[in-house]
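For reference, the structure is listed below as structure tokens.
The values are calculated or read from the model by the stated rules, or taken from the named source; none is laboratory data. Only a predicted model underlies this, so the values are computations on that prediction, with no experimental measurement involved. In this analysis, Cβ positions are derived from the backbone assuming ideal geometry, glycine residues included, and neighbour counts consider all displayed protein chains. These area figures cover heavy atoms from the full protein model, side chains too; ligands, DNA and RNA do not enter into them. Shrake-Rupley method; radii C 1.70, N 1.55, O 1.52, S 1.80 Å.
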Amino acid sequence: MGETKVGTQHEAPSRAAVAAPGLTVSPLTGRAGVRMAGEVGLSTRGIWEDALEQAVLEGEDVYYLELSGVTFADVAGVGALVAAAQRLPAGARFVLHRPPHVVQRVLELFWPGQPAIEVSMS
């Protein structure tokens, strides 16, 4: 899986270009998974969902999502993560490495006890 980035540019009143938030996805070396950096929101949800779908299709017992570079994820993005985890083969799981606090909090509030999602802060 190659690196992907999405974002748009808007013209600011000063006529300077300001980059909108984006999301990059790149493969991890040495284990099944991807590193993501940026924001998960409306403009990047397609990239997020594509990466999660690819993870489901790979069929690994453990799939690592390195999220320490993710600065924000909206509720719909976390919902997409839960939906993807529910499509994993029996006994498989996503390991979220250092996700932003908002991801942990939304999981606790709306989808507590997901057996296919493990959070690792180490």
| remark: Rounded to 0.05, the calculated FRET efficiency for the beta carbons of Ser122 and Leu42 at R₀ = 22 Å is 0.10
| remark: Sorted by chain and then number, the residues having a modelled amide H within less than 5 Å of the amide H of Val62, at least 5 places away or on another chain, are Arg93
| request: Collect residues whose amide H, placed 1.01 Å from N in the peptide plane, falls under 5 Å from the amide H of Gly22; neighbours closer than 5 in sequence don't count. | output: Glu39
| said: Could you report region 30-122's accessible area per residue, 1.4 Å probe, as an integer in Å²? | reply: 49 Å²
| said: Amide H of Gly69 versus every other amide H placed in the peptide plane: which residues, excluding those fewer than 5 positions away on the same chain, fall under 5 Å? | reply: Met36
| With Cβ to Cβ distances under 12 Å as the rule, what net charge do the other residues near Phe94 carry (K, R +1; D, E -1)? | -3
